[in-house]
Structures are given as structure tokens and as C-alpha cells.
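Below is one structure, written out as C-alpha cells; the observations come after it.
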Amino acid sequence: MLDILQNILADPSDKGNLVWNQEKRVAHNPRLGLDYPFQNGFFHLTKQNAIQSVDAGTEARYEGLAEWYDSVMQDQNDRGDLANSAYSILRSLLGKGEGIALDIGCGTGLAADITKELGYEPIGVDLSQDQLRIAAKRLPVVLGDSAELPISDNSIQLAYSTFTTTDWENLERSAKEIFRVLSSGGRYIDIGVHPCFYGAYSEPLSQGEIIQKPGYNKSQFVEPNLLKGTVRSKVGAWHRPVSDVINTFLSAGFKLVKVVEGGQGDLPQLLALSLLKE
Ligand SMILES: C[S@@+](CC[C@H](N)C(=O)[O-])C[C@H]1O[C@@H](n2cnc3c(N)ncnc32)[C@H](O)[C@@H]1O
């Protein structure tokens with residue numbers, strides 16, 4: 001199962017800032033003739049000093065939550081409904097196909113069954129070792145950062161991400177990295193909470209109405225104690241206006257093919273973008 005991942009892993013000697021921790025056990029990559037660190041069922045290929053860098057906060061945010069996260073995302077009385085709506089949009093935007101589908105910020109790997117069912121071979125990358133511990137049972141995974149993807153240039157035709165851009169510190173660099181690893185004609189599908197109606201500055205009321213609070217126009221990280229959602233009240237969230245999200249992907253070189261607003265209820269809780277590297 002890991003062979004497929006070995007075939008597209010970046011060669012760290014090509015990317016000066018990708019390193020491995022020599023103390024960890026290694027797995028040999030025959031394609032590159034390199035030994036990669038491999039522990040707890042997954043490869044480790046993170047940025048140098050990631051633990052001390054600005055991304056350390058992001059990595060730490062999900063540590064120790066994996067079992068809880070995995071269960072609330074499947075609990076229909078909690079985040080399960082929203083997750084199901086997102087995965088159903090994912091299913092329709094992906095369509096049937098084959099080949100590798102890179103799940104960026106795969107979390108515990110909850111979308112893997114869908115991509116497998118559609119005919120793809122999912123591979124996950126995530127910054128949290130705790131999340132990957134569970135994900136490794138569902139798909140081949142590598143510890144890595146969306147802003148420094150441990151994947152070779154032009155090596156895949158399809159990538160997707162669900163509920164992650166509100167976690168990524170550096171959306172601009174992540175968008176560029178996704179563009180880099182896709183080959184020409186490759187697609188990227190991004191699905192997240194809708195910043196207008198389900199964002200840090202919108203508070204849903206039980207009757208389906210939403211209170212909008214000032215702050216929408218500015219991209220910024222909002223601390224967990226200021227947020228109410230099940231997950232974001234624990235980990236915080238990056239709020240970015242819709243225009244910032246879309247323009248970041250366009251600036252990275254993508255063409256916008258389709259936008260879907262969805263979820264349950266009258267106002268859209270989810271925003272999905274289907275993007276193409278021409
Ligand atoms: C809300 S969870 C979504 C997980 C999964 N996609 C799902 O649908 O359940 C966000 C995930 O993004 C990961 N993450 C945050 N920042 C990241 C980054 N810079 N690179 C890779 N993964 C990241 C977190 O560790 C977490 O597992």
C-alpha cells in the first residue's frame with residue numbers, strides 16, 4: 001500500500017528545507033534510493049525546524065484530539081451532518097476516475113472511503129502526527145505541511161482538501177505548492193466552511209437566521225475562545241473572506257472551473273471550489 005506513496009514522495013535533496021529526523025526508524029525508497037523516516041505507520045517529511053517555526057502552533061492544535069475529532073465528525077448530532085454534506089459535494093465534484101488522489105490535511109482520513117469508491121487511490125498528508133496515527137489505518141499517509149508538500153513536482157493529477165483552509169497558516173504558499181505537485185490538466189477541489197455564513201463572524205441562530213458580526217473583511221486567525229463551532233472552539237480558525245480564498249488560488253495559477261455552495265439549511269454552510277491547472 002505504501003509503494004504508491006513512495007513513487008511520488010519528494011526527494012528532500014531537491015527541496016533544501018525538507019529534512020528528516022535521523023533518530024526515527026527509516027523506510028527505504030527504492031525509486032530515489034533514499035531512506036525516509038518512517039514511524040507509527042507513516043513517513044515523516046516535514047520542514048526543517050517545523051516544530052519551532054510558525055507552523056508549530058498549527059501542528060500542536062490537533063495533537064491529542066484525534067479520537068475525539070474522528071468521532072464528532074461521524075456523529076450526526078454533532079459535526080457529522082456538515083461532514084456528510086461536504087463529502088457528498090466532494091463525491092460529485094470528483095466524479096469517477098483513477099490514479100492518485102492526494103488528500104491535503106487528511107486528518108483521520110475520513111474522506112478516503114469516498115475516493116476509493118470512486119476508483120482513485122487516496123494518499124494523505126497532514127501536519128498532525130496524532131491525526132495520522134488514525135489515518136494510517138485508512139490510507140497511505142505522510143507527515144508534511146501543505147505549505148511545503150513532501151510530493152514531487154507535476155506528479156499527480158488530482159488533489160483535494162476538506163475543512164482545512166481555515167487551519168492553514170499560509171494559504172498562499174499552500175496554493176502554490178498544490179499547483180506545483182499537480183501535472184498539467186490536474187484538478188484540485190477545496191471544500192470548507194463558508195466564510196460568509198459559517199465563518200468566524202457569523203453566528204447561526206436556532207431559527208436558521210444568522211447574526212453577522214463586524215470583522216469579515218480581514219483575513220486573520222481567530223482564537224478558539226472567540227469561536228463557537230465544535231472543532232473551531234478547540235483549535236481556532238483562520239478567517240478569510242471569499243474573495244481572498246478564491247484570489248489566492250487564482251494567483252497561484254489555477255483556473256476556477258466551478259463553485260458550489262451547499263450544506264443543510266437555507267443558507268450555505270459550505271463553499272467548494274473546483275480548480276484546474278491548465
Ligand atoms: C478540520 S481537520 C480536517 C481533516 C479532514 N480533511 C476531514 O475532512 O476530516 C484539519 C486538518 O488539517 C491539518 N492541518 C492543519 N494545518 C496543516 C498544514 N499546514 N499542512 C497539513 N495539514 C494541516 C490538521 O492537522 C487537521 O488534521
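The values are calculated or read from the model by the stated rules, or taken from the named source; none is laboratory data. The structure displayed is predicted, hence computed values, not measured ones. Every residue, glycine among them, receives a Cβ derived from its backbone with ideal geometry; neighbour counts consider all protein chains shown. When the accessible area is computed, the model is the full protein with side chains, heavy atoms only, and any ligands, DNA or RNA have been set aside. Shrake-Rupley method; radii C 1.70, N 1.55, O 1.52, S 1.80 Å.
In the set (1) near the ligand (Cβ under 8 Å from one of its atoms); (2) closer than 20 Å to Ala272 by Cβ, Tyr62 fails one condition alone, (2).
Taking region 102-117 as the range and being open to solvent by less than 20 Å² (accessible area, probe 1.4 Å) and either more than 7 Å from the ligand (Cβ to nearest atom) or aromatic (Phe, Trp, Tyr) (or both) as the test, the residues that pass are Leu102, Gly109, Ala112, Ile114, Thr115. Taking each residue of region 131-144 that is part of a helix (DSSP H, G or I) and looking for partners that are surrounded by fewer than 19 Cβ atoms within 10 Å (Cβ to Cβ) and of a type outside the set (A, V, I, L, M, F, W, C) with beta-carbon atoms closer than 6 Å, six or more apart or interchain, yields Arg133/Asn40; Ile134/Asp70.
Residues that are touching a helix residue (DSSP H, G or I) at 6+ places or on another chain (Cβ under 9 Å) and of a type in the set (A, V, I, L, M, F, W, C) were ranked within region 126-145; the one that is nearest to Ala60 (Cα to Cα) is Leu127. The set of residues in region 152-204 that are among the hydroxyl-bearing types (Ser, Thr, Tyr), surrounded by fewer than 23 Cβ atoms within 10 Å (Cβ to Cβ) and not in a loop (DSSP other than H, G, I, E, B) comprises Ser183, Ser184, Ser202.
If you go through region 226-243 and pick out every residue that is open to solvent by 40 Å² or more (accessible area, probe 1.4 Å) and either in a loop (DSSP other than H, G, I, E, B) or without any contact (Cβ under 8 Å) to a residue 60 or more places away in the chain (or both), you end up with 5.
Taken over region 84-101, the criterion of being small (Gly, Ala, Ser), within 12 Å of the ligand (Cβ to nearest atom) and surrounded by fewer than 20 Cβ atoms within 10 Å (Cβ to Cβ) is satisfied by Ser85 alone. Take the conditions surrounded by fewer than 20 Cβ atoms within 10 Å (Cβ to Cβ), in a loop (DSSP other than H, G, I, E, B) and in contact with a helix residue (DSSP H, G or I) (Cβ under 7 Å, 6 or more places away or on another chain) and apply them to Asp70. Does it pass? No, not satisfied.
From the list Ser161, Ser174, Ser184, Ser155, the lone residue that is farther than 20 Å from Tyr87 by Cα, within 8 Å of the ligand (Cβ to nearest atom) and among the hydroxyl-bearing types (Ser, Thr, Tyr) is Ser174.
From the list Leu250, Leu267, the lone residue that is in a loop (DSSP other than H, G, I, E, B), open to solvent by 50 Å² or more (accessible area, probe 1.4 Å) and more than 11 Å from the ligand (Cβ to nearest atom) is Leu267.
Do we have Glu121 as open to solvent by 20 Å² or more (accessible area, probe 1.4 Å), within 12 Å of the ligand (Cβ to nearest atom) and either under 13 Å from the mean Cα position of the chain (by Cα) or touching a residue at least 24 places away in the same chain (Cβ under 8 Å) (or both) here? Judged against the criteria, Glu121 is not a match. Might you check whether a residue that is farther than 21 Å from Gly107 by Cα, modelled with pLDDT of 90 or more and of a type in the set (Gly, Ala, Ser) occurs anywhere in region 208-229? Within region 208-229, one or more residues are farther than 21 Å from Gly107 by Cα, modelled with pLDDT of 90 or more and of a type in the set (Gly, Ala, Ser).
Determine whether Asp145 is open to solvent by less than 20 Å² (accessible area, probe 1.4 Å), within 13 Å of the ligand (Cβ to nearest atom) and closer than 30 Å to Lys234 by Cα. Yes: the conditions hold for Asp145.
Checked against (1) within 11 Å of the ligand (Cβ to nearest atom); (2) over 19 Å from Leu271 (Cα atoms); (3) among the charged types (D, E, K, R), Asp167 passes all but a single condition, namely (2).
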